[in-house]
Amino acid sequence: NYDNAYFNLAICQKDIGNKSEFIKNIEKAINLRPDWGDAHYHLCKDFKFEQNNPRVKKMESLLSIQDLSLNDRIGLNFALAHVHEKLDNIKEQFIFLNEANSLRKKELSYVIEKDYKKFSLIKEIFNSPTQLKIKPSSLRPIFIVGMPRSGTSLVEQIISSHEEVYGAGELDFLSKNIFKEIKTAHIKKIDSKAFYQKIIDNYFDSLSSLNISEDIFTDKMPLNFRFVGFILSAFPEAKIVHLKRDPIATCWSIYKHHFTSNGNGYASNFDDLASYFLMYKDLMDFWHKTFPSYIYDISYEDLTLNQEKETRKLIDYCGLSWDDRCLDFHNNNRAVHTSSGFQVREKMYQGSSEAWKNYEQYLEPLISKIGDSK
């Protein structure tokens, strides 16, 4: 009768692509704790229910509970938004989606000015980058960066299908260490070998817990785009793959996604989301100017339209010989611990970046601010 065990087991089954076991265990968790918002969300996100399904009515009735926790209320609203999206009930979808995001912003108390300061500090540090001549490691990380929901999971699945590559997933090692080190170091000392040696040591110490046998591995934490300068300074052997996707498609996918961790506070408000996207774009432009020819841009749309051509170019950039398995990425049986766990086990599909056009009238705040920022 331990609900957390069933929930965690369900997520593990999702990670390895086992739909039937995922459903069985997530339903056990819900039966033991009927008002569990996040459990309902995980189930509704990946599966379609008919309008008259009793589960839908039950979720709606749970929202009327006075002492329902804020976290469960958020999860249920996101769950119902996904239900109505699949039923093409756009008006109802946005009622639940806007409520979910409004509550989530309240829960996180997110203030975008903090991110403005972080981005400004990063650019200040690299306004005059120095050549540290750090000795390359025998390990060769491939950092896959970009905005969340831009196709990073797909690209990692492709690269990690190569026989020489280990897919390590979303590692938070850099984000945990870099801002911590910046806080304790004077800005003029950040270009020193000692500073970067700390980053290197902390990163590889954390990596050792994964017991990776391959020399080449992927690190698919999208928000590592903030650390491109640090990566290129500390890991001269690294490759950086930057995912680019239609701005509105990216932001729309972010807005309707329930990030259960606290690292994406900007996602819960159209104005914050648009501002953050423009900050991301500005920083990536800065990295390209500061480190020309060191970042490989790949378009999500081009990849879906020209799979083999773009995949061959990608694998060549990574310094790998060709492996046919990279085209059959959906057969890769590695665990994928992201919200795209089921999607990356399907063949390449096209058109997802056009889906936002069905919601154009609801997305005007995004379109007006970032629509021409491609």
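The values are calculated or read from the model by the stated rules, or taken from the named source; none is laboratory data. Source: prediction; values computed, not measured. For neighbour counting, all protein chains shown are included, and Cβ atoms are generated from backbone atoms with ideal geometry for every residue, glycine included. Quick note on the areas: whole protein, heavy atoms, side chains included, nothing else; ligands and nucleic acids left out. Shrake-Rupley method; radii C 1.70, N 1.55, O 1.52, S 1.80 Å.
What to note about this one:
- Inter-site label distance for residue 288 and residue 330 at 7 Å from Cα along Cβ, in nm: 3.2
- Residue 16 - accessible surface, heavy atoms, 1.4 Å probe, Å² rounded to 10: 90
- Pairs beyond 19 Å (Cα-Cα), from 48/106; 106/180; 57/86; 118/256; 19/91: 48/106; 106/180; 118/256; 19/91
- With the alpha-carbon atoms of the chain aligned to their principal axes, the span from lowest to highest coordinate is 64, 44, 42 Å, starting with the largest.
- Annotation for segment 32-48 versus segment 58-90: alpha-carbon center distance of 9 Å.
- Among 74-82, 110-118, the peptide with the highest mean count of other Cβ atoms within 10 Å heads the list, and the full ranking is 74-82, 110-118.
- Extension gain, residue 172 to residue 121, is 16.4 nm, computed as 0.36 nm per intervening residue step minus the present C-alpha separation.
- FRET efficiency, 1/(1 + (r/R0)^6) with R0 51 Å, evaluated for residue 133 and residue 52 via beta carbons: 0.15
- Counting only protein chain heavy atoms and rolling a 1.4 Å probe, the accessible areas of 156, 60 rank, largest first, as 60, 156.
- Peptide ranges 167-175, 317-325 listed from the most packed, as the mean C-beta count within 10 angstrom indicates: 167-175, 317-325
- Size of charge dipole - the chain - debye, nearest 20, with Cβ of Lys, Arg +1 and Asp, Glu -1, no other charges: 760
- When the residues 312, 104 are ordered by accessible surface, computed with a 1.4 Å probe over the protein chains alone, the sequence from largest down reads 312, 104.
- Two-site FRET efficiency, residue 271 against residue 350, from Cβ-Cβ distance with R₀ of 25 Å, rounded to 0.05: 0.20
- Taking 0.36 nm per residue of separation and subtracting the Cα-Cα distance, full extension of the segment from residue 5 to residue 164 would add 53.8 nm.
- Whole-angstrom gap from segment 101-146 to segment 306-327, using each part's C-alpha centre: 28
- Full-stretch length increase - residue 31, residue 208 - with 0.36 nm per residue and alpha-carbon distance subtracted: 59.8 nm
- Estimated dipole of segment 194-271 in Debye, rounded to 20 [Cβ of Lys and Arg +1, of Asp and Glu -1, Cα centre]: 320
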